[in-house]
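Heads up, the thing below is written out as structure tokens.
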Amino acid sequence: MFLIQWAAVIEVERFPDTARELRRAEYLAQIAEDPEESRRHVRAAGDVIRAAHKAVGG
């Protein structure tokens, strides 16, 4: 499990724009004042992570 997670992190970091998108979504989810806005950013971050897991076969 650790190796799959690590591979997904590496997959995200291979693409600077994608890594920046993930960090931005995570940050915005934390500072959002509206729960729906926070959920929207969490979904965006989740989409990036799921795509990375799919790319590495996890």
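The values are calculated or read from the model by the stated rules, or taken from the named source; none is laboratory data. All of these numbers come straight from a predicted model, not from anything done at the bench. We place every Cβ from the backbone using ideal geometry, glycine too, and count neighbours over all the protein chains shown. Ligands, DNA and RNA are stripped out before the accessible areas are found, and what is left, the full protein with its side chains, is counted by its heavy atoms. Shrake-Rupley method; radii C 1.70, N 1.55, O 1.52, S 1.80 Å.
Some observations on this one:
- Any hit, the stretch 38-58, residues being at negative phi and at pLDDT below 95: yes
- Residue match in the stretch 2-15 (condition: open to solvent by less than 90 Å² (accessible area, probe 1.4 Å), more than 17 Å from residue 58 (Cβ to Cβ) and either in contact (Cβ under 8 Å) with a residue 12 or more places away in the chain or part of a helix (DSSP H, G or I) (or both)): no
- Condition met for residue 31 (modelled with pLDDT of 95 or more, open to solvent by 70 Å² or more (accessible area, probe 1.4 Å) and in contact with a Ser or Thr (Cβ under 9 Å, 6 or more places away or on another chain)): yes
- For the stretch 36-58, filtering for residues that are outside any helix (DSSP H, G or I) and surrounded by fewer than 14 Cβ atoms within 10 Å (Cβ to Cβ) leaves 1.
- The set of residues in the stretch 16-35 that are part of a loop (DSSP other than H, G, I, E, B) and either of a type in the set (A, V, I, L, M) or closer than 18 Å to residue 4 by Cα (or both) contains only 32.
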